[in-house]
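What follows is a set of notes on a single structure, which appears directly below.
We did not get these values from a lab; they are worked out from the coordinates using the rules stated. Since the model is a prediction, treat every value here as computed from it, not as a measurement. Positions of Cβ are generated from backbone atoms using ideal geometry, with glycine treated the same way; all protein chains shown enter the neighbour counts.
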Amino acid sequence: MEPKDKIKELRQKIDYYDDQMLDLLVKRFAVSKEIGEIKASGSINVGDPNREQEIIDRLANKLKGKLDKDDIAAIFGPIYHISKKLQKK
């Protein structure tokens, strides 16, 4: 197979995974919004740094040797930001 053809094939895989990730993120954000509604009705603060760190630690342990903890934190930072924004609405 020619390198250009192989790259095209691999990029199609990336596109597929990107679609999957966004579909899952939309579902995650819907759950986050639901949590925000519960927090609002109970006067609970939206931000929970302990929970955020708990998620990073759990994933770092699960993915040990595959993905660095700092990289996981960098990925999830924007996800937390969007989740908190949705919870405040």
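Observations on the model:
- Ranking 56, 36, 12 by how far each Cα lies toward the positive end of the dipole of the chain (charges on Cβ) leaves 36 at the top.
- Mean residue ellipticity (222 nm) of the chain, computed from DSSP H runs ≥ 4 via -39,500 (n - 2.57), nearest 500: -29000 deg cm²/dmol
- Placing pseudo-labels 7 Å out from each Cα toward the beta carbon at residue 75 and residue 50 gives an inter-label distance of 2.6 nm.
- Partners for residue 85 among aspartates and glutamates (Cα-Cα distance below 17 Å; same-chain residues under 8 apart left out): 34, 37, 48, 52
- Among 79, 35, 44, the largest mean-square fluctuation in a Gaussian network model of the chain, built with springs joining Cα atoms closer than 10 Å, belongs to 44.
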